[in-house]
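What follows is a single structure, written as structure tokens, with notes after it.
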Protein chains: 2
Amino acid sequence: MSSTIGTLGEFGLIARITARFPATDDVVLGPGDDAAVVRAPDSRVVATTDLLVEGRHFRRDWSSPRDVGHKAAAQNLADVAAMGARPTALLVGFAAPADLPVAWAEEFSEGLRAECSTAGAAVVGGDIVRSDTLTVAITALGDLRGAPPVRRDGAAPGDLVAVVGDLGLSAAGLALLQAGLADREPTCPAAHRRPAPPYAAGPAAAELGATAMIDVSDGLVQDLGHIAAASNVRVALRGAALRAPAALVEAVGTLARAGAPLRSPLDFMLAGGEDHALAATFPSGTALPSEWTVIGEVVEGTGVTVDGSVPAVAGWDHFG
Amino acid sequence: MSSTIGTLGEFGLIARITARFPATDDVVLGPGDDAAVVRAPDSRVVATTDLLVEGRHFRRDWSSPRDVGHKAAAQNLADVAAMGARPTALLVGFAAPADLPVAWAEEFSEGLRAECSTAGAAVVGGDIVRSDTLTVAITALGDLRGAPPVRRDGAAPGDLVAVVGDLGLSAAGLALLQAGLADREPTCPAAHRRPAPPYAAGPAAAELGATAMIDVSDGLVQDLGHIAAASNVRVALRGAALRAPAALVEAVGTLARAGAPLRSPLDFMLAGGEDHALAATFPSGTALPSEWTVIGEVVEGTGVTVDGSVPAVAGWDHFG
């Protein structure tokens with residue numbers, strides 16, 4: 001008989017799960033008390049929180065529990081990196097039906113642990129409650145290492161616009177999953193299930209003098225639009241600089257052959273979120289490491305343009 | 001026509017809500033970027049997270065949205081205080097159906113803001129998503145002011161056991177609400193809707209030399225049981241020291257007259273959680289301020305006893 005979290009109970013489940021989470025040098029006090037205590041070496045802490053709801057942010061038939069753990073951690077750790085900070089710690093709220101198998105919660109925890117390990121962070125605390133809707137609430141903390149946070153409002157005309165990380169793969173993967181075509185092109189569905197944010201590039205961008213930075217979670221145009229609005233500038237992208245990876249081209253072809261609504265690779269790169277690439281602006285002339293791609297420049301004006309025109313793409317609104 | 005969060009949209013709702021949250025001296029960067037930045041003056045940060053699920057932790061017909069905001073903030077801020085720390089900041093995850101009235105979300109935010117103000121904390125960030133189940137995820141941060149965290153594992157034989165704050169009122173209030181008798185004795189239902197944790201007593205206890213401390217959220221016996229287990233001692237309570245407040249005696253009488261299952265005031269004080277009192281142990285001879293009540297002592301052994309016997313009370317298990 002398979003065990004459920006209802007039969008194991010709250011405290012049994014906590015004991016099973018927290019045993020999986022190793023400490024790091026940043027952990028002063030880990031799980032098991034009223035609260036955790038985490039190092040904040042420069043006397044400031046970066047903090048961000050996100051919710052993932054089953055059916056809305058993940059589906060149990062499309063993603064393994066380990067995938068969901070990876071993704072839940074990644075999207076929050078990427079927000080920390082987008083401030084130019086090093087992720088240090090994660091807290092996990094877990095709301096689940098009583099009939100959820102214990103194995104699901106354990107595999108989910110393993111995904112969390114592994115993703116935190118990739119980013120250098122530790123899971124330091126959490127909460128487990130019962131709910132009809134499987135919901136994961138993650139809070140990530142980070143360390144700015146003495147540098148100012150890289151905000152959205154610092155872009156200035158003349159700055160370069162650059163990205164690091166994947167664009168469009170997750171959205172194309174979702175489209176393949178929705179069309180029942182995930183077997184045909186596995187790279188994009190895998191990117192949807194487990195985004196791979198370029199964590200180290202966040203603090204590196206801060207050191208390189210990034211003037212503004214954002215995590216691409218709702219779509220490149222929409223997220224650069226936040227930088228444009230906060231900085232009171234226009235972000236002028238060059239379409240030719242947005243080169244589609246082979247897996248994205250392949251996915252678009254697969255979708256077209258199956259009769260799905262026609263969307264180009266560029267559509268996915270401009271509108272697709274959830275890859276958790278980092279987009280940043282840098283002073284003109286900044287020598288960027290090879291993982292960054294310059295995709296445009298900051299000019300006077302408002303909004304985001306591609307080759308001078310406002311692109312016809314919509315980003316993500318959670319109630320849209 | 002009343003506005004719903006579905007028609008207003010995610011970004012409209014965020015703009016409406018974050019406008020309500022004033023900054024404090026601890027806020028380096030508030031809502032509106034990928035993450036917030038909060039002061040951590042002694043280079044450590046206390047962090048804790050909790051989920052509240054509609055139907056499980058609150059009911060919209062029993063609590064106003066403002067009540068839910070107060071309670072959601074209070075239970076997390078109390079966890080920070082229970083470490084001996086001063087609460088500094090709150091992050092809020094909000095998952096709601098699209099048909100939730102905007103006014104509900106705004107009133108909820110006002111409750112959060114007011115409770116944070118009482119505790120001296122600021123709301124610095126959050127996330128809003130759509131879900132069939134109204135769910136609130138709160139993370140609270142705090143500042144230890146250079147002192148060691150007051151953990152659960154420091155109690156030693158000979159220590160005093162003391163509490164500050166309400167015991168049993170919230171549980172009696174819940175019983176009255178469940179029995180449809182909330183109009184007969186309003187103090188306990190009010191305590192259930194809006195617990196009033198003694199925030200300042202947490203850091204004060206740390207300064208007084210508390211050897212262990214816990215937030216009473218699951219019931220006095222169960223929560224002192226965590227201290228007993230972590231410290232490898234027995235917590236020996238004196239029943240006569242647990243004096244019931246008038247409102248609790250009144251609530252118990254009202255329930256008894258209505259034919260509810262017989263429970264004594266002491267039952268509610270020992271088993272009732274959610275008042276978010278603080279229970280702590282102190283070295284023998286510590287002169288405690290008048291708001292603390294000494295209710296027993298720490299002795300060799302295991303578990304929690306009342307007048308030498310193991311009490312027949314059960315605490316709270318979220319899957320029990």
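The values are calculated or read from the model by the stated rules, or taken from the named source; none is laboratory data. This structure is a prediction, so every number in the text was calculated from the model and none was measured. Positions of Cβ are generated from backbone atoms using ideal geometry, with glycine treated the same way; all protein chains shown enter the neighbour counts. For the accessible areas, the whole protein counts, side chains as well, though only heavy atoms, and no ligand, DNA or RNA atoms are used. Shrake-Rupley method; radii C 1.70, N 1.55, O 1.52, S 1.80 Å.
A few points about this structure:
- Selection of trypsin sites (Lys or Arg not before Pro), the stretch A:1-74, meeting DSSP coil and at most 16 other Cβ within 10 Å: A:Arg20, A:Arg56, A:Arg59, A:Arg60
- Calculated accessible area for the protein assembly as shown comes out at 36 Å² per residue, all protein chains present (probe 1.4 Å; ligands, DNA, RNA ignored).
- Amide H contacts under 5 Å for B:Thr211, placed H, 5+ residues apart: B:Thr281, B:Phe282
- Per-residue SASA entry for B:Thr4, accessible area with 1.4 Å probe, Å² rounded to 10: 30 Å²
- The string of couplings for the stretch A:57-70 from the Karplus curve (6.51, -1.76, 1.60, θ = phi - 60°) is 10, 7, 10, 5, 8, 9, 10, 6, x, 5, 4, 5, x, 4 Hz, one whole number per residue in order, with x for Gly and Pro.
- Radius 9 Å from Cβ of A:Arg151, net charge of other residues (Lys, Arg +1; Asp, Glu -1): -2
- From the Kirkwood radius over Cα pairs of the protein assembly as shown, Stokes-Einstein at 25 °C and 0.890 mPa s returns a whole-number translational diffusion coefficient of 96 µm²/s.
- Out of every Cα-Cα pair that the stretch B:139-275 contains, those further apart than 19 angstrom amount to 54 percent.
- Of B:Leu220, B:Leu144, B:Leu52, the one that fluctuates the most in a GNM where chain B has Cα springs shorter than 10 Å: B:Leu52
- Accessible surface of the stretch A:236-301, 1.4 Å probe, proportion on carbon and sulfur as whole %: 56 percent
- Sorted from nearest, the other copies put their A:Trp62 label points 3.6 nm away, the label point being 7 Å from Cα in the direction of Cβ.
- Relative contact order of the stretch A:195-318, taken over Cα pairs closer than 8 Å and 6 or more residues apart, is 46 percent.
- The antiparallel fraction among DSSP beta bridges confined to the protein assembly as shown stands at about 75%.
- Karplus-based coupling profile of the stretch B:185-201, in residue order and whole Hz: 9, x, 5, 5, x, 4, 5, 5, 6, 9, x, 10, x, x, 3, 5, 5, with θ = phi - 60° in 6.51 cos²θ - 1.76 cosθ + 1.60 and x standing for Gly or Pro.
- Global geometry of the stretch B:206-276, whether rounded, prolate or oblate, following the gyration tensor of its Cα atoms and the 1.5 cut on a/c: prolate
- For the stretch B:5-143, the equivalent ellipsoid built from the Cα gyration tensor has semi-axes of 24, 17, 12 Å, listed from largest to smallest.
- In this structure the amide hydrogen of B:Gly93, modeled in the peptide plane, comes within under 5 Å of the amide hydrogens of B:Asp127, B:Ala137, B:Ile138, B:Thr139, none closer than 5 places in sequence on its chain.
- Local electrostatic count, B:Thr286, Cβ distance below 15 Å [Lys/Arg +1, Asp/Glu -1]: -4
- Within the stretch B:66-107, the proportion of C-alpha pairs whose separation exceeds 11 Å stands at 71%.
- Check: the stretch A:160-306 dipole with +1 on Lys, Arg Cβ and -1 on Asp, Glu Cβ, in debye: 300 debye
- Each residue of the stretch A:216-229 was assigned a 3J(HN,Hα) from its phi angle through the Karplus expression (A = 6.51, B = -1.76, C = 1.60, θ = phi - 60°), giving 7, 10, 10, x, 4, 5, 5, 6, 5, x, 5, 5, 4, 5 Hz with x at Gly and Pro.
- Amide H to amide H distances under 5 Å link B:Arg130 with B:Ala96, where only residues 5 or more positions off or on other chains count and H is placed in the peptide plane.
- Shown here: chain B, whose C-alpha atoms stretch 60, 54, 32 Å along the first, second and third principal axes, sorted largest to smallest.
- Buried solvent-accessible surface, both chains (A, B), 1.4 Å probe, Å² to nearest 100: 5200 Å²
- Net charge of neighbours whose Cβ lies under 10 Å from the Cβ of A:Gly165, counting Lys and Arg as +1 and Asp and Glu as -1: -4
- Each other copy holds its own label point for A:Gly301; taking that point as 7 Å from Cα along Cα to Cβ, the gaps run 7.9 nm, nearest first.
- Cleavage-rule hits (GluC sites (Glu not before Pro)) in the stretch A:235-320: DSSP loop, at most 14 neighbouring Cβ within 10 angstrom: A:Glu291, A:Glu300
- Dipole check for the protein assembly as shown: with +1 at the C-beta of Lys and Arg, -1 at the C-beta of Asp and Glu, and the Cα centre as origin, the magnitude is about 220 Debye.
- Placing a label point 7 Å from Cα along the Cα-to-Cβ direction at B:Gly146 gives distances to the equivalent points in the other copies of 2.3 nm, listed shortest first.
- Share antiparallel - DSSP beta bridges, chain B, percent rounded to 5: 75 percent
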